[in-house]
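The values are calculated or read from the model by the stated rules, or taken from the named source; none is laboratory data. All figures in this text were calculated on a predicted structure; none of them were measured in a lab. Cβ placement follows ideal geometry from the backbone for every residue including glycine, while neighbour counts extend to all protein chains displayed. Keep in mind that these areas ignore ligands, DNA and RNA; they rest on the heavy atoms of the full protein, side chains included. Shrake-Rupley method; radii C 1.70, N 1.55, O 1.52, S 1.80 Å.
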Amino acid sequence: MLNTANLSLEQAPPISIPLRFFLTAPLFGIAAALMMIWYGPEVMTSRWSPQTLALTHLLTLGFLALVMTGALLQILPVLAGIAVPRVVLVGNLVHPLLTVGTLGLVAGFLLGSTAWLKLAVVALGAGFAIYILAAAVALWRVELPNNTVAGMRMALLALAVTVLLGLSLGAGFAGWDTLIYPALYTNVHLTWGMLGWVMLLLIGVSFQVVPMFQVTPEYPKWIRSWLPRLLLVGLAIWTMLYVAAVNKPELASWSLVWLTIILVGYIAFAVITLRLQQQRRRKITDVTLMFWRIGITTIPISFLIWGIGRLFPTAMEQVDLDLLLGVCMIFGVAIPLLNGMLYKIVPFLSWFHLQNRQLATMCMTVQIPNMKQFLPDRSSKRQFWVYLLALVVTLLSVFAPALLVRPAGVLLALSFVLLGHNLLQVALRYREVSGELSEAVADGQEG
Amino acid sequence: MARITDTMAGDHRRCDLLFAEAEASVSDSNWDAGTAQFNEFHSAMEHHFSMEEGVLFPTFEEASGMTMGPTQMMRVEHTQMRQLFSDMAQAVEKQDRDAYLGLSETLMMIMQQHNMKEEQMLYPMTDRTFGGGADEVIEKMNAV
């Protein structure tokens, strides 16, 4: 027999590696939603309360970072043509370290405990160091980097900046270090996290997946070659202006103007993406596209509201613009984009691994379910509508926290429960069919 | 110097368009058009595979000495896609819309990740290996 076993998978990790990241992430989403129900308006009234910090990190580390790191271990061989070195070991270490680190950080914030914060700094520091190193080795080994690889490199640099700032802030809160300008560096930290790591990765990956999966024209060449690096340099210049403004207040308005210019770059990306999607030749509207439309549309809308509010402060003085922007970026951009992606990647991996095994063993008696048999449209679409309602109520809760934070929490909890349930159903079906295949192979060998 | 990459990536895009047309017709339960478009798509894909398996891969393997590397991986994925084609052909025959759309979604995923690997890795490798000889290989593929 031709030895085809795992040949096409030799660069990809076993399915258990990405799946454990994907199945853990919704649990953190549920925890975040429960925090909103438990603490109520407190979590939305100040950016600096421990509850707000705990909630934010449950979502950004627990959901976003877990999904993004897990997905990247899986898709780097496909998008960049290169494997992550020691991918199984990396996955085995990074997943528990990030999980424990996130829990420690949340416990540290909520209990005001430096011991938990110290654990968090060590675990998150180790987890991200291993991850960044492994991904960097893979990304910088690519001999002929395309625009997607270039964009991913920029995103990884931004992740490194985000993590270093986060660790030094964490070390300060844990009492290991003196906190210098915590508010200032928190703003730099979250800007690099959202505009750097999340958005640059989105941009780099979109260059490849939007034209290919939705059969659209390519992104304009200048956008592909220049946008990610311009944005990265732009963020670096903004950081210098913003930090220097501590001693030279006259620079403060320059850093604001500069940031607004950078935001125009992101808006341009979003508008071009929406235009390309309108021109798509694949007419089917699937649930992933529905999630992506929400995520991409929220980018220009939230940046425009923030920019107008900042440039004309009297227009919206009742609203905490930064809080609104943060809520938009996390709930309205990052979460739906990843939620949509999970609905493609998890059923596909399940099918791919099983069918590959089937061909390797030539065991044709077992029927491998296709992607929609793994995950019926009605299940994913139901979760989409719950998510959309949750998003609307969460956005409104910024304006009326006393009234709406708890209802928003209930809806978000439901949305993450349905997401977790849907993904778990796929994983269980995978295990079931995998067992059938093993049995059939064993029977075949006996007979 | 990216003759193979450009030529073969262009053929991928042509197949993608045929795929999208067939899927749209089936989604509308327009089986007359859908059947014809699926057959057209299917033969375009088989033609693409023949160019690769009949000319490109063996020529590259001979020139580079790599027989168990990326070309073998691509052949396995061709087999995976061929199984989906045959399931899709059955769905077309039975006019089973849901079955077709579940299979076409699955095919789209494996086809595009396969295309990415080829366009990112394999085709640039062939271009580098063949150098000025790429035109001759393309001529042979055109004769398939």
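On a C-alpha basis, how far is the centre of the range A:304-377 from the centre of the range B:1-64 in Å? Whole number, if you could?
One Cα centre to the other: 29 Å.
What average count of beta carbons from other chains do you get within 10 Å of the Cβ of residues in A:75-83?
Per residue, the number of nearby Cβ atoms from other chains is 4 on average.
In terms of modelled amide H atoms, which long-range or inter-chain residues lie less than 5 Å from the amide H of B:Gly69?
For B:Gly69, no residues qualify.
Largest first and to the nearest Å, give the Cα extent of the range A:185-259 along each principal axis.
51, 23, 14
What angle, in degrees between 0 and 90 and rounded to the nearest 10, separates the Cα long axis of helix A:182-191 from the longest principal axis of the Cα atoms of chain A?
Value to nearest ten degrees: 40.
Could you run the Debye sum over the Cα atoms of the range A:280-421, one equal point scatterer each and no solvent, and tell me log10 of I(q)/I(0) at q = 0.16, 0.18, 0.19 Å⁻¹, two decimals?
-0.89, -1.03, -1.10
Across peptide A:208-218, how many C-beta atoms of other chains are within 10 Å of each residue C-beta, on average?
Neighbouring Cβ atoms belonging to other protein chains average 4 per residue here.
Based on the Kirkwood radius over alpha-carbon pairs, what is the Stokes-Einstein translational diffusion coefficient of the range B:3-142 at 4 °C with 1.567 mPa s viscosity, in µm²/s?
For these conditions, the coefficient is 82 µm²/s.
Suppose every K and R has +1 on its Cβ and every D and E has -1 on its Cβ; what is the size of the dipole of the range B:3-142 about the Cα centre, in Debye to the nearest 20?
280 debye
Relative contact order (percent) for chain A, with alpha-carbon contacts under 8 angstrom and 6 or more residues of separation?
19 percent
What is the range A:15-143 by shape, rounded, prolate or oblate, if you read a ≥ b ≥ c off the alpha carbon gyration tensor as root eigenvalues and call it rounded for a/c under 1.5, prolate for a/b larger than b/c, and oblate otherwise?
Prolate, because a/c is 1.5 or more and a/b exceeds b/c.
For a quick size check, give me the Cα extents of the range A:193-321 along its three principal axes, largest first, whole Å.
For the range A:193-321, the Cα extents along the three principal axes come out at 53, 34, 20 Å.
Compare the Cα positions of A:Ser253, A:Gly81, B:Asn30 along the charge dipole of the protein assembly as shown (+1 at Cβ of Lys, Arg; -1 at Cβ of Asp, Glu; about the Cα centre) and return the one farthest towards the positive end.
Positive-most Cα among the choices belongs to A:Ser253.
Jot down the radius of gyration and Dmax of the range A:116-193, Cα atoms only, both in angstrom.
Looking at the range A:116-193, its Cα Rg and Dmax stand at 14.6, 45 Å.
With all protein chains present, calculate the accessible area of A:Thr314 using a 1.4 Å probe and round the result to the nearest 10 Å².
My reading of the accessible area for A:Thr314 is about 110 Å².
I need the calculated FRET efficiency for the pair A:Lys221 and A:Ile301, taking r as the beta carbon distance and R₀ as 22 Å, to the nearest 0.05.
0.20
Helix A:287-311 sits at what angle to the longest principal axis of chain A, using alpha carbons and giving 0 to 90 degrees rounded to 10?
So the helix axis and the longest Cα principal axis differ by about 10 degrees.
At 10 °C and a viscosity of 1.306 mPa s, what translational diffusion coefficient does Stokes-Einstein give for chain A, taking Rh as the Kirkwood radius over Cα pairs? Give it in µm²/s as a whole number.
Roughly 69 µm²/s, to the nearest whole number.
Using only alpha carbon positions, build the gyration tensor of the range A:84-136, then give the equivalent ellipsoid semi-axes as the square roots of 5 times its eigenvalues, largest first, whole angstrom.
The answer is 25, 9, 6 Å, longest axis first.
What size of dipole, in debye to the nearest 20, comes out for the range B:65-114 about its Cα centre when the only charges are +1 on Lys and Arg C-beta atoms and -1 on Asp and Glu C-beta atoms?
180 debye
Any chance you could check the Cα centroid distance between the range A:38-58 and the range A:388-411 for me, in angstrom?
14 Å
With +1 on the Cβ of every Lys and Arg and -1 on the Cβ of every Asp and Glu, and nothing else charged, how large is the dipole of chain A about its Cα centre, in debye rounded to the nearest 20?
Roughly 800 debye, rounded to the nearest 20.
Figure the gain on full extension for A:Ala252 and A:Leu388 (residue separation times 0.36 nm, minus the Cα-Cα span) and round it to one decimal in nm.
Computed gain between A:Ala252 and A:Leu388 is 45.3 nm.
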